[in-house]
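The values are calculated or read from the model by the stated rules, or taken from the named source; none is laboratory data. Quick caveat, the model's predicted, so the values are computed rather than measured. Glycine gets a Cβ as well: all are built from the backbone with ideal geometry, and neighbour counts include every protein chain shown.
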Amino acid sequence: MLAEETATGFGAMAPDGEQPGPETGPLRRCIATSQVLAKPEMIRFVVAPDGTLTPDLEEKLPGRGLWLSATADAFAEALKKRAFSRAARRNIEVPANLAARLTALLEMRIGQTLSLARRAGQAISGFEKVHEALKGGGLGLLVEASDAGGDARKLRALARAVAPHLRIVSPLTGEALGKVFGRDRTVHIGLTSGRLASRIAQDAMRHAGILAASPVEAHKYGLEGASHPAPGINDQPSEIDD
């Protein structure tokens, strides 16, 4: 199993054998593609003492971070090239179906953040409420069920008309969104601008990127396992952690 994000005592040694200093700055280098990207576009991993690879979505676990672009291509490339082991200069145990299991962690985290937003009064649900909030210009993020129907298209059309720069994400099914509001199913959730909305948008971007694999790549590199296809996202990108 993937280790809990709250675990301690994790860390990989720097290539020169010395424990590196704190990671600073907003940019990191992808271990698979060598691209330099903003942290919100990437996933940080650390290595447990037993050599197990552990995702650090909170980006707080101690130790040298191994940063990977949050895309299916980068995951496939990392597994093909054994990029985790090469970057850490040691043998790394990569869990089976890493990307699929990571999407499950992201979905859980998105659901938890939505619950926080609901309790903080920063999230509303239901077509009519979201429709009115859109017309009033009071939303910073629109979350739609990944299995939404025609109503979603109506709200998207309205959003494009009145708020063309509004982010629209679809990381969870209607059933998963419904659990946040104590219902069997929820299709539309609107959030006001703020830290929680930004976190959901960031995690949804990572989620969509990881799931955007062709069927052949998904099967070959263990990227399959999600319950729904990755939808699009209206989305952006910092010192480099070499």
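Remarks
- For region 81-122, the tally of residues that are of a type in the set (Ser, Thr, Tyr) and in contact with a Leu (Cβ under 9 Å, 6 or more places away or on another chain) stands at 2.
- Residue 69 among the hydroxyl-bearing types (Ser, Thr, Tyr), farther than 16 Å from residue 91 by Cα and over 16 Å from the mean Cα position of the chain (by Cα): no
- Residue 124 meets all of the listed conditions (1) in contact with a Cys (Cβ under 7 Å, 6 or more places away or on another chain); (2) part of a strand (DSSP E or B) but one, namely (1).
- Considering (1) among the basic types (Lys, Arg); (2) under 20 Å from residue 104 (Cα atoms); (3) assigned to a loop (DSSP other than H, G, I, E, B), the lone condition that residue 183 does not fulfil carries the number (2).
- When each of 116, 79 is tested for being surrounded by fewer than 20 Cβ atoms within 10 Å (Cβ to Cβ), modelled with pLDDT under 95 and hydrophobic (A, V, I, L, M, F, W, C), the lone residue that passes is 79.
- Hits in region 24-36 - residues which are of a type outside the set (Lys, Arg) and surrounded by 22 or more Cβ atoms within 10 Å (Cβ to Cβ): 30, 31, 32
- Tally of residues being small (Gly, Ala, Ser), under 20 Å from residue 172 (Cβ atoms) and either modelled with pLDDT of 90 or more or surrounded by fewer than 18 Cβ atoms within 10 Å (Cβ to Cβ) (or both) across region 124-154: 8
- Taken together, 71, 52, 113 contain a single residue that is over 18 Å from residue 29 (Cβ atoms), in the same structural domain as residue 25 (by TED's automatic domain parsing) and hydroxyl-bearing (Ser, Thr, Tyr), which is 52.
- Boolean, residue 61 is out of contact with any helix residue (DSSP H, G or I) (no Cβ under 6 Å at 6 or more places or on another chain), modelled with pLDDT of 90 or more and buried (at least 16 other Cβ atoms within 10 Å of the Cβ): yes
- For residue 56, the conditions (1) modelled with pLDDT of 55 or more; (2) surrounded by fewer than 17 Cβ atoms within 10 Å (Cβ to Cβ) all hold with the exception of (2).
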